[in-house]
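Visitor: I am attaching a structure below and will ask some questions about it afterwards.
Derivation of every value follows stated rules applied to the coordinates shown; laboratory data play no part. Values in this document were obtained by computation on a predicted structure and should not be read as measured data. Every residue, glycine as well, gets a Cβ built from its backbone with ideal geometry; the counts of neighbours run over all protein chains shown.
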Amino acid sequence: MDKIVFIGAGSMAEAIINGLTKEEKISPEHIHVTNKSDVEQLQQLKKTYNIQIVCEEKKALKEAEIVFLAMKPKDAKDAMIEIAPYLSSSATIISVIAGVTIQTITNYLGSRPIARVMPNTSAAVGLSASAVSWNKLISEEAKLKIINILESIGTVQAVEEEDLHVVTALAGSGPAYIYYFAEHFEAAAISHGLSKEDARQLFIQTMEGAAQMLKKGDVEPQELRRKVTSPGGTTEAGVEQLIQHNVKDAIFACIDAAQNRSREFAKQYE
Ligand SMILES: NC(=O)c1ccc[n+]([C@@H]2O[C@H](COP(=O)([O-])OP(=O)(O)OC[C@H]3O[C@@H](n4cnc5c(N)ncnc54)[C@H](OP(=O)(O)O)[C@@H]3O)[C@@H](O)[C@H]2O)c1
């Protein structure tokens, strides 16, 4: 059984640990976790998931087959410098750190199998839309293992590393866009007399229903939209406003700005 060590014990590490233990993909005794200084958080994780706290970094890292990097980008350099001397030559690195490239990780941790993952916050409920990209040193077997691990927090697409910028813009930041829509569709419905509870429930169910229709995959979104838009009807009146207010342009600008910011971060953390 592979031994996994998490460097960083924050919300993303916890979401993955939660998924792994819930789906019993790996026995908790093989999951080890460490962080910078928050001992209480480590105790909490141990209590909740029955996993191991790394007491002696050197030993845990030497024996680790998979090492997750799960700290903020600003802490990545220090963390990598700290762990580098202890990693075994066969250890695979899986980084969830936004903006830190495989090349940068290689610079600090040496030439070895490295995967970069962009999950999103829905990992907390097992519904992350994640993407992964890896270097050439990752074996086919390791790829399957990584996908299996990531599927415990949702879905996963394998993409080119360059595409992680647009993945970040679409899926990494995506939940916030949906919450923005929820906020304003709800507020608009409330302004016409609906209760907050009803507005919330109706919006959630509308999103879920539409998502399921899209998920079936046999009909393009444009066609689904056309089918619910009868000429002169209410949907047409509503959609017409979205068109007049250039919502499409706003969406393109949103993705453009987010992926540009991701590129800036990557440069900053080189
Ligand atoms: N949250 C998300 O939805 C999301 C989505 C996509 C990507 N990510 C990426 O996931 C990474 C982690 O995010 P997060 O939200 O989980 O952050 P977080 O909750 O702030 O957790 C960061 C963790 O890193 C630890 N840490 C910092 N420096 C360290 C060091 N030198 N050695 C060992 N551990 C160290 C911290 O320990 P202390 O608490 O002791 O300081 C803490 O446990 C980020 O790079 C982020 O870009 C997050």
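Visitor: Would you kindly work out the equivalent ellipsoid of the chain from its C-alpha gyration tensor and give its semi-axes, the square roots of five times the eigenvalues, largest first in whole Å?
Guide: After scaling each eigenvalue by five and taking roots: 40, 21, 17 Å.
Visitor: Roughly how tilted is helix 140-150, in degrees to the nearest 10 and between 0 and 90, from the longest Cα axis of the chain?
Guide: Taking Cα atoms only, the helix is inclined about 60 degrees.
Visitor: Taking R0 as 25 Å, what FRET efficiency do you get between Y269 and E65 from their Cβ-Cβ distance, rounded to the nearest 0.05?
Guide: It comes to 0.45.
Visitor: Follow-up. Can you return the aspartates and glutamates within cross-link range of K62? Criterion is Cα-Cα under 14 Å, with same-chain partners fewer than 8 residues away left out.
Guide: Straight-distance partners of K62: D2, E82.
Visitor: Quick one: if you stick a label point 7 Å off each Cα along the C-beta vector at D78 and Y179, how many nm between them?
Guide: 2.7 nm
Visitor: Would you kindly state how much longer the chain becomes between K143 and M207 on full extension, computed as 0.36 nm times their sequence separation minus their alpha carbon distance, in nm to one decimal?
Guide: Values: separation 64, 0.36 × 64 = 23.04 nm, distance 3.23 nm.
That works out to 19.8 nm of additional length.
Visitor: Based on the Cβ-Cβ distance of A187 and R226, what FRET efficiency does E = 1/(1 + (r/R0)^6) give at R0 = 25 Å, to the nearest 0.05?
Guide: Details: r = 28 Å, r/R0 = 1.11.
Rounded to the nearest 0.05, the efficiency is 0.35.
Visitor: Hey, any idea what the orientation-averaged projected area of the convex hull of region 172-266's Cα atoms comes to, in nm²?
Guide: Projected area, direction-averaged: 7.8 nm².
Visitor: Sort 2-10, 233-241, 53-61, 30-38 by packing, meaning the average of other beta carbons within 10 Å per residue, with the highest value first.
Guide: Sorting 2-10, 233-241, 53-61, 30-38 by mean packing, highest first, produces 2-10, 30-38, 53-61, 233-241.
Visitor: Considering only DSSP beta bridges with both partners in the chain, what is the antiparallel share in %, to the nearest 5?
Guide: Taking every DSSP beta bridge within the chain, about 15 percent pair in antiparallel fashion.
Visitor: With each pseudo-label sitting 7 Å past Cα toward Cβ, what's the T235-E56 distance in nm, one decimal?
Guide: Taking the simple label geometry, T235 and E56 are separated by 6.5 nm.
Visitor: Assuming R0 = 51 Å, can you tell me the calculated FRET efficiency for the pair V219 and R261, based on Cβ-Cβ distance, to the nearest 0.05?
Guide: On the way: r = 33 Å, r/R0 = 0.65.
Calculated transfer efficiency: 0.95.
Visitor: Which whole-angstrom value gives the distance between the alpha carbon centres of region 167-201 and region 124-142?
Guide: Region 167-201 and region 124-142 have Cα centres spaced 29 Å from each other.
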